[in-house]
Amino acid sequence: PNAHKVVIIGGGAGGIAVAASLLKRQPGMDIAIVEPAEQHSYQPGWTMVGGGIFTPEFTRKPMHSVMPKGVHWYRDTATDIDAEAHEVTLGNGHRLRYERLVIAIGLELDWGAIDGLEETLGENGVTSNYRYDLAPYTWQLVQTLKGGKALFTQPPMPIKCAGAPQKAMYLACDHWQRENVLSQLEVSFHNAGGVMFGVPAYVPALEEAVAGYGIDVRFHQRLVAVDGETQTARFEVPAAEEGGEPQIVEQSFDMLHVVPPQKAPALIAQSGLANAAGWLDLESETLQHMSHPDIFGLGDVSGTSNAKTAAAVRKQSPVVVENLLATLTGGALTAGYRGYGSCPLTVENGRIVLAEFGYGGELQPTFPKWVNDGTRPTRLAWQLKARGLPFIYWNLLLKGHEWLARPASRDV
Ligand code: FAD
């Protein structure tokens with residue numbers, strides 16, 4: 001097998017950030033990235049594409065253009081990880097040997113788990129901001145809908161960017177309100193969970209948005225099937241009495257925005273690296289694998305309890321890099337991740353509730369309250385999302401510039 005000092009699986013937000021950061025600290029380091037995709041997407045921008053604010057092209061660049069110079073790029077999928085032999089197998093059968101491995105393969109969108117969905121996505125009013133090619137269809141539907149029923153769904157947790165299902169809805173409602181058609185529309189939010197957001201501090205602002213647009217919120221309704229031709233969605237709701245059978249309710253629609261169920265990539269469990277739920281079994285502060293000290297991980301694949309966001313990756317990347325380098329010199333793992341994640345909740349076109357929080361729901365705002373109150377919608381947070389964050393993503397995170405993401409020190 002080919003041997004590299006560091007092998008990184010995945011060239012998304014986490015993989016590219018770690019490679020760039022390692023090279024900043026150790027120019028010339030022998031790093032390989034395994035990544036099959038030819039395009040790299042700024043996924044947080046897809047909410048804005050669905051809301052007609054960004055063009056799709058603004059959210060995507062050729063993968064080669066974000067690959068840090070000097071990295072060996074294997075354009076292939078990793079199909080197996082042998083943690084005992086320190087080897088990764090690629091789709092073409094070749095193997096790579098590593099001294100240190102970083103796993104950043106994201107999560108899997110399980111479109112197939114909803115009966116009939118894949119056949120009708122992109123047609124019959126069925127859309128999703130969770131795919132590059134479908135987010136523009138969301139905007140097209142929003143612009144053409146003048147009356148009828150608009151349904152927005154949210155699957156069980158965990159999902160990436162837990163606020164994205166309702167962000168799509170608020171931006172749509174904002175447009176309908178401006179066009180004076182909102183009163184002709186019945187808008188409903190079908191949430192498989194039982195709360196608007198997992199961190200209570202942000203819930204009042206969201207409830208105000210829901211009330212302001214007149215949205216009908218239905219908790220504990222999980223989308224299980226879609227019939228595109230008849231424009232009917234089927235939801236499972238828990239039994240009314242304990243021990244009873246779950247019920248199925250049907251709902252017709254003119255527009256349906258679906259967020260698919262999400263799961264850990266099978267590769268993690270297959271390779272014996274998963275926790276009980278199938279996610280990569282990392283120590284929550286050091287991001288080192290629980291049973292293989294030469295393996296680190298970050299991003300959506302991680303089993304840590306933070307919000308699965310690119311914002312989390314921004315804080316995780318320097319922690320992974322500092323601790324990985326420490327293991328190479330026999331030093332202590334001094335960099336600590338406190339679970340930071342962020343979800344800019346687009347409650348309207350022009351204002352955002354900038355949710356920023358860490359492990360256990362601890363609020364971790366970047367700005368003092370007098371600059372930006374993260375629990376209220378603000379124009380500053382909108383400017384950040386519309387202008388600041390894309391810049392930070394492409395030019396700081398993916399380039400290994402970390403002055404906005406210094407890791408906390410751990411007591412060791
Ligand atoms: P990804 O960026 O998804 O990258 C994973 C990479 O691994 C991919 O390139 C894939 O091709 C590759 N890969 C997969 N399997 C293999 C394999 N076996 N071998 C090799 N390579 C493989 N985050 C925010 O911070 N703020 C937001 O507002 C926000 N909004 C979002 C809205 C939407 C609609 C979506 C979809 C996401 C949003 N996110 C947001 C979440 C954010 O995009 C992710 O959390 C982030 O991209 C995670 O980075 P990652 O590196 O873990 O995974």
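Structure values in brief
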{"quantity": "Total residues in segment 78-117, condition closer than 30 Å to PRO260 by Cα, hydroxyl-bearing (Ser, Thr, Tyr) and either in contact with a Lys or Arg (Cβ under 9 Å, 6 or more places away or on another chain) or buried (at least 17 other Cβ atoms within 10 Å of the Cβ) (or both)", "calculated": "1"}
{"quantity": "Close pairs from segment 5-34: first assigned by TED's automatic domain parsing to the domain that holds ASP294 and on the phi > 0 side of the Ramachandran plot, partner in a loop (DSSP other than H, G, I, E, B) and within 8 Å of the ligand (Cβ to nearest atom), Cβ under 9 Å, at least 6 apart", "calculated": "GLY10/GLU35; GLY10/ALA104; GLY10/ILE105; GLY10/GLY106"}
{"quantity": "Residues (acidic (Asp, Glu) and touching a residue at least 60 places away in the same chain (Cβ under 8 Å)) located in segment 105-126", "calculated": "GLU108, ASP110, ASP115, GLU119, GLU123"}
{"quantity": "Leading residue by the ranking (farthest from the ligand (Cβ to nearest atom)) among those in segment 300-320 that are over 12 Å from TYR337 (Cα atoms) and not basic (Lys, Arg)", "calculated": "GLY303"}
{"quantity": "Hits in segment 211-233 (condition: β-branched (Val, Ile, Thr) and either assigned to a loop (DSSP other than H, G, I, E, B) or without any contact (Cβ under 8 Å) to a residue 40 or more places away in the chain (or both))", "calculated": "ILE215, VAL217, THR230, THR232"}
{"quantity": "Subset tally (residues that are of a type in the set (Gly, Ala, Ser), surrounded by fewer than 22 Cβ atoms within 10 Å (Cβ to Cβ) and either within 14 Å of the ligand (Cβ to nearest atom) or without any contact (Cβ under 8 Å) to a residue 40 or more places away in the chain (or both)) for segment 35-77", "calculated": "3"}
{"quantity": "Segment 57-96: number of residues that are part of a strand (DSSP E or B), out of contact with any His (no Cβ under 6 Å at 6 or more places or on another chain) and within 28 Å of THR47 (Cα to Cα)", "calculated": "2"}
{"quantity": "Qualifying residue in segment 318-330 (condition: in contact (Cβ under 8 Å) with a residue 12 or more places away in the chain and within 27 Å of ALA386 (Cβ to Cβ))", "calculated": "yes"}
{"quantity": "Failed item in (1) away from the ligand (no atom under 16 Å from the Cβ); (2) not in a helix (DSSP H, G or I); (3) not β-branched (Val, Ile, Thr), with TYR132 passing the rest", "calculated": "(1)"}
{"quantity": "ASN129 being surrounded by 18 or more Cβ atoms within 10 Å (Cβ to Cβ), in contact with a Ser or Thr (Cβ under 7 Å, 6 or more places away or on another chain) and touching a residue at least 40 places away in the same chain (Cβ under 8 Å)", "calculated": "yes"}
{"quantity": "Residue identified as of a type in the set (Phe, Trp, Tyr), at pLDDT 95 or above, crowded, with 20+ Cβ neighbours inside 10 Å and over 24 Å from ILE352 (Cβ atoms) among PHE152, PHE197, PHE235", "calculated": "PHE235"}
{"quantity": "Test: residue in segment 172-188 that is within 27 Å of ALA310 (Cα to Cα), touching a His at 6+ places or on another chain (Cβ under 9 Å), within 16 Å of the ligand (Cβ to nearest atom) and not assigned by TED's automatic domain parsing to the domain that holds HIS40", "calculated": "yes"}
{"quantity": "Pairs, first closer than 16 Å to HIS220 by Cβ in segment 243-261, second in a loop (DSSP other than H, G, I, E, B) and at pLDDT below 95, C-beta under 6 Å, six or more apart", "calculated": "GLU245/ALA239; PRO246/PRO238; PRO246/ALA239"}
{"quantity": "For GLU236: the one exception among (1) assigned to a loop (DSSP other than H, G, I, E, B); (2) more than 16 Å from the ligand (Cβ to nearest atom); (3) in contact (Cβ under 8 Å) with a residue 12 or more places away in the chain; (4) over 25 Å from ALA20 (Cβ atoms)", "calculated": "(1)"}
{"quantity": "Every residue from segment 1-39 that is of a type outside the set (A, V, I, L, M) and either in a strand (DSSP E or B) or within 15 Å of GLU99 (Cα to Cα) (or both)", "calculated": "PRO1, ASN2, HIS4, LYS5, ASP30, GLN39"}
{"quantity": "Filter result for the condition that a residue is surrounded by fewer than 21 Cβ atoms within 10 Å (Cβ to Cβ) and within 25 Å of LEU354 (Cβ to Cβ), over PRO158, PRO136", "calculated": "PRO158"}
{"quantity": "Unique residue being surrounded by fewer than 19 Cβ atoms within 10 Å (Cβ to Cβ), under 21 Å from the mean Cα position of the chain (by Cα) and modelled with pLDDT of 95 or more when the list is ARG376, ARG387, ARG338, ARG314", "calculated": "ARG338"}
{"quantity": "VAL102 within 12 Å of the ligand (Cβ to nearest atom), assigned by TED's automatic domain parsing to the domain that holds LYS308 and in a helix (DSSP H, G or I)", "calculated": "no"}
{"quantity": "Residue match in segment 163-171 (condition: within 16 Å of the ligand (Cβ to nearest atom) and polar (S, T, N, Q))", "calculated": "yes"}
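The values are calculated or read from the model by the stated rules, or taken from the named source; none is laboratory data. Treat the numbers as computed from the prediction; the structure is a model and nothing was measured. For neighbour counting, all protein chains shown are included, and Cβ atoms are generated from backbone atoms with ideal geometry for every residue, glycine included.
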